[in-house]
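For reference, the structure discussed in these notes is given below.
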Amino acid sequence: MTTQALVKFAGVQKTYDGTVLVVRELNLDIQRGEFLSLLGPSGSGKTTTLMMLAGFESPTSGEIFLNGIPITKTPPHKRNFGMVFQNYALFPHMSVADNVAYPLTVRKVPKAEREARVLRAMDMVQLGSMGERYPSQLSGGQQQRVALARALVFDPQLVLMDEPLGALDKQLREHMQLELKALHQKLGLTFVYVTHDQSEALTMSDRVAVFNDGGIQQIDSVDRLYETPSNRFVAGFVGDNTALDGKVVALHGNQCEVALADGTRLLGSNINQAALGAAVQACIRPERIQVLPAAESKGPNFVNALVQDVIYFGDHLRLRCSTAGQPEATVKIGLTGATTPQAGSSVCLHLPTEHLRVYA
């Protein structure tokens, strides 16, 4: 027995000018209690999708359902959704407590209940002692927590967040990512989160929907999204990716053999069923590549390369390598290796078949 999705987009399209589709034929189920991130570059349709769910934009065609009931014509204030924006949208003339209480005030919740719920919401975001302060007296991270408390105070069935951590510095942003994830797990609410930062999406989400050109390229759990991207765009957008151009010269069931321009042969998974002779990209995560001395090059899946640069990243080293007639190859290696290749040295890169994915 399948559980009904909390939210369902059915054939939703959106155009602003009647010609260009910003969102095209969107079919998306959002499950109750999940943390779903909408990830993609600027202009991919992710924010427009969130705004249609919130009720601030209307679909040109298609329907959005909440608990099986159409809500396309339901105004935003009747959808019972919490909303957190990048700029926090706090009222500067109101205290923190009054900002948090605002959704309850407009709903005419009695004062005693209002005060109790404000205290509970502020305790959730660890701001219990700051109710009398004003937004200008708070740091960026504290203001973000106030905005989150305001979104949670009226017990919404859905919390929508549009790049809420975008204005914070890197260290605070990473700290808030972990806090948001912990809060989601504690409350069991449904979170829908828009971001263009793939590491942010991978850190927090149960599932990620990768948008490009108005549609979802892949929606999956974070580990599957990273390890088994379904097309060339997802492989390049989610995480680091080393790609080599070639042509399919042999088919072996679900695998294919690819010849590079210099004659090197690679065997990998044929993800999009590329045909014999098709131009393809062979893609692999940089941490899956093994670096060997140049003399050890033998057989398929070994590529000769020249180390152009070695960059220290704190927890790993990143090698920038040039290979014959190919885009620059990136390799990540740990700090515990016995020997570290030097810039200018020749090496052999081994691309294991089980981690190499070939895209038409």
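The values are calculated or read from the model by the stated rules, or taken from the named source; none is laboratory data. This one's a predicted model, so the numbers in the text were calculated from it and none came from an experiment. Ideal geometry is used to build each Cβ from the backbone, glycine not excepted, and the neighbour counts take in all protein chains shown. Remember, those area values only see protein heavy atoms, side chains included, never the ligands or the DNA or RNA. Shrake-Rupley method; radii C 1.70, N 1.55, O 1.52, S 1.80 Å.
Just need log10 I(q)/I(0) for the chain at q = 0.07, 0.12 Å⁻¹, Debye formula, equal scatterers on the alpha-carbon atoms, no solvent, rounded to two decimals.
Taken in order of the listed q values, log10 I(q)/I(0) reads -0.41, -0.95.
Taking the Cβ of residue 322 as the centre, find all other residues whose Cβ is under 11 Å away and add up their charges (Lys, Arg: +1; Asp, Glu: -1). Could the numbers behind the result be given before it?
Details: positive: 320; negative: 309, 328.
For residues surrounding residue 322, the net value is -1.
So between residue 178 and residue 115, what do we pick up on full extension, going 0.36 nm a residue minus the alpha carbon distance?
Numbers: separation 63, 0.36 × 63 = 22.68 nm, distance 2.79 nm.
Value of the extension gain: 19.9 nm.
Give the average over all directions of the projected area of the C-alpha convex hull of region 1-114, one decimal, in nm².
With the hull built on Cα positions only, its mean projection is 9.9 nm².
If you count only protein heavy atoms and use a 1.4 Å probe, how large is the accessible surface of residue 123, to the nearest 10 Å²?
Counting only protein heavy atoms, residue 123 exposes about 100 Å² to solvent.
List the pair-distance distribution P(r) of region 46-172, using every Cα-Cα distance, as the percent of pairs falling in each 5 Å bin from 0 up to the bin containing the longest distance, rounded to whole percents.
Over region 46-172, the share of Cα pairs per 5 Å bin runs 2, 11, 20, 21, 18, 13, 9, 5, 1, 0 percent.
Can you tell me how much longer the chain between residue 346 and residue 19 gets when fully stretched, taken as 0.36 nm per residue apart minus their C-alpha distance, in nm with one decimal?
112.5 nm
Would you mind giving the three semi-axes, in whole Å and largest first, of the ellipsoid equivalent to region 91-142 according to its Cα gyration tensor? Working shown, then result.
Working: eigenvalues 71, 33, 12 Å².
Ellipsoid semi-axes (Å, largest first): 19, 13, 8.
Please list, by residue number, everything in region 207-238 whose backbone N is under 19 Å from a paramagnetic label point 7 Å out along Cα→Cβ of residue 3.
207-209, 220-222
Of all the stretches in the chain, which is the longest one without any exposed loop site, taking GluC sites (Glu not before Pro) in a DSSP loop (any state but H, G, I, E, B) with at most 15 other Cβ atoms within 10 Å? Please list the in-between numbers first.
Numbers: sites that count: 132, 328.
My reading of the result: 133-327 is the longest stretch.
Too long at a 29 Å Cα-Cα cut-off: which of 247/332; 46/170; 46/111; 14/332; 170/332?
Details: 247/332 26 Å; 46/170 23 Å; 46/111 38 Å; 14/332 41 Å; 170/332 22 Å.
Result: 46/111; 14/332 exceed 29 Å.
For a paramagnetic label modelled at 7 Å from the Cα of residue 42 toward its Cβ, which residues of region 194-228 fall within the zone defined by backbone nitrogen distances under 14 Å?
Flagged as within label range: 196-197.
Just to confirm my numbers, what's the Cα centroid distance between region 55-92 and region 169-207 in Å?
21
From largest accessible area down, sort 247, 78; use a 1.4 Å probe on the protein chains. The partial results should precede the final answer.
Working: 247 115, 78 140 Å².
Ranked from most to least accessible, the order is 78, 247.
Can you give the direction-averaged projected area of the convex hull of the alpha-carbon atoms in region 167-287, in nm²? Write out the running numbers ahead of the final one.
On the way: hull surface 39.3 nm².
So the Cα hull casts an average projection of 9.8 nm².
Using the reciprocal of the averaged 1/r over all distinct C-alpha pairs, how large is the Kirkwood radius of region 283-360 in Å? Before the final figure, lay out each step's value.
On the way: mean 1/r = 0.0783 Å⁻¹.
After inverting the pairwise mean of 1/r, the radius is 12.8 Å.
Largest first and in whole Å, give the semi-axes of region 85-234's equivalent ellipsoid, each being the square root of 5 times a Cα gyration tensor eigenvalue. Display every interim value, and only then the final one.
Working: eigenvalues 203, 51, 34 Å².
Equivalent-ellipsoid dimensions as semi-axes: 32, 16, 13 Å.
Along the three principal axes, how long is region 321-360 when you take its alpha carbons, biggest first, rounded to the nearest angstrom?
Cα spread of region 321-360 along its principal axes, largest to smallest: 36, 24, 13 Å.
Taking the Cα centre of each part, how many Å lie between region 267-341 and region 223-261?
Cα centres, region 267-341 to region 223-261: 13 Å.
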